[in-house]
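Trainee: Below are the structure tokens for one structure; questions will follow.
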Amino acid sequence: MVYGQVFSQHSSGDCFINVNVGGFKQQMEHTVLQRFPQTRLGRLLCCSSKEAILDLCDDFSPSEMEFYFDRSPHFFCYVLNFYLTGKIHLADGLCVISFVQEIEYWGIKERHLDLCCSNKFYELMEVAGDKQWDQMSDEVQLHSSASSTEELSASEDNIEMFEGSWCADVRSNILDST
Ligand SMILES: [Zn+2]
């Protein structure tokens, strides 16, 4: 069965897909999704194999033309609004990091934030960025100790690897002192 053909057959007749996000069902028109071809749902329409479809959603039923996503139905309301208006808004009860993860999942870009929310978004990101920086320095330390263990078993002639390790140590020291 060629799934691309299923889509084109359907697009000549009933031009919609059924989206099921965490139990929340919504019928969405092809024309609405095609306005944003880079988004996850827009890309779904271009899939020509089952594998490609399952790369974009968690499960699907070809007979029902229903696509399942294990994501927050609450946030999906904001995604729906994005398809209708071309703008995304910060979601109530969602921290900025989760918000970024959600829009990345759905393939929506930060530049689609509406003006009313964009200033707040960048302020929150700055605060979150400072906190993430602390976490990152821990990760660098972990990484550098892991790579030096690898290097002990590697050839000593490999100067590049030692240089890399030296840089990583210095970097983690710099990060620690900030
Ligand atoms: Zn807004």
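Trainee: Of everything in region 113-126, what is out of contact with any His (no Cβ under 9 Å at 6 or more places or on another chain) and within 11 Å of the ligand (Cβ to nearest atom)? Give them in sequence order. Even if it seems obvious, please write down each step before you answer.
Mentor: Step one: list which residues in region 113-126 are out of contact with any His (no Cβ under 9 Å at 6 or more places or on another chain), which gives 115, 118-126.
Of everything in region 113-126, those that are out of contact with any His (no Cβ under 9 Å at 6 or more places or on another chain) and within 11 Å of the ligand (Cβ to nearest atom) turn out to be 115, 118, 119, 120, 121.
Trainee: Follow-up. What are the pairs with Cβ atoms under 9 angstrom where one residue, in region 50-66, is within 17 Å of residue 28 (Cβ to Cβ) and touching a residue at least 24 places away in the same chain (Cβ under 8 Å) and the other, located anywhere, is among the aliphatic types (A, V, I, L, M) and part of a helix (DSSP H, G or I)? Sequence gap at least six, or different chains.
Mentor: 53/44; 62/6; 62/53; 65/6
Trainee: Now for a separate question. When you go through (1) touching a helix residue (DSSP H, G or I) at 6+ places or on another chain (Cβ under 9 Å); (2) surrounded by fewer than 12 Cβ atoms within 10 Å (Cβ to Cβ); (3) within 29 Å of residue 132 (Cβ to Cβ); (4) not polar (S, T, N, Q) one by one for residue 56, which number turns out not to apply?
Mentor: Only one criterion in (1) touching a helix residue (DSSP H, G or I) at 6+ places or on another chain (Cβ under 9 Å); (2) surrounded by fewer than 12 Cβ atoms within 10 Å (Cβ to Cβ); (3) within 29 Å of residue 132 (Cβ to Cβ); (4) not polar (S, T, N, Q) is unmet by residue 56, namely (2).
Trainee: For region 73-83, indicate whether the set of residues that are at pLDDT 95 or above, touching a Gly at 6+ places or on another chain (Cβ under 6 Å) and outside the structural domain of residue 132 (by TED's automatic domain parsing) is non-empty.
Mentor: Taking every residue of region 73-83 in turn, at least one turns out to be at pLDDT 95 or above, touching a Gly at 6+ places or on another chain (Cβ under 6 Å) and outside the structural domain of residue 132 (by TED's automatic domain parsing).
Trainee: Name the residue, out of 67, 75, 99, that is assigned to a helix (DSSP H, G or I) and either in contact with an Asp or Glu (Cβ under 7 Å, 6 or more places away or on another chain) or more than 15 Å from the ligand (Cβ to nearest atom) (or both). Please lay out each step first, then the result.
Mentor: Details: 67 fails: assigned to a helix (DSSP H, G or I); 99 fails: either in contact with an Asp or Glu (Cβ under 7 Å, 6 or more places away or on another chain) or more than 15 Å from the ligand (Cβ to nearest atom) (or both).
Result: 75 is the single residue among 67, 75, 99 that is assigned to a helix (DSSP H, G or I) and either in contact with an Asp or Glu (Cβ under 7 Å, 6 or more places away or on another chain) or more than 15 Å from the ligand (Cβ to nearest atom) (or both).
Trainee: Find all pairs meeting these conditions: Cβ atoms under 8 angstrom apart; at least six residues apart or on different chains; first residue within region 87-113 and under 12 Å from residue 72 (Cα atoms); second residue assigned to a loop (DSSP other than H, G, I, E, B) and within 14 Å of the ligand (Cβ to nearest atom).
Mentor: 99/90; 99/91; 102/91; 102/94
Trainee: Restricting to region 16-44, what's the tally of residues that are surrounded by fewer than 17 Cβ atoms within 10 Å (Cβ to Cβ) and aliphatic (A, V, I, L, M)?
Mentor: Here the count works out to 1.
Trainee: Picking from 90, 94, 113, which residue would you name as being buried (at least 16 other Cβ atoms within 10 Å of the Cβ) and modelled with pLDDT under 95?
Mentor: 94
The values are calculated or read from the model by the stated rules, or taken from the named source; none is laboratory data. Note that the structure is a prediction, hence the values are computed from the model and not measured. Glycine also receives a Cβ, built like all others from the backbone with ideal geometry; neighbour counts cover every protein chain displayed.
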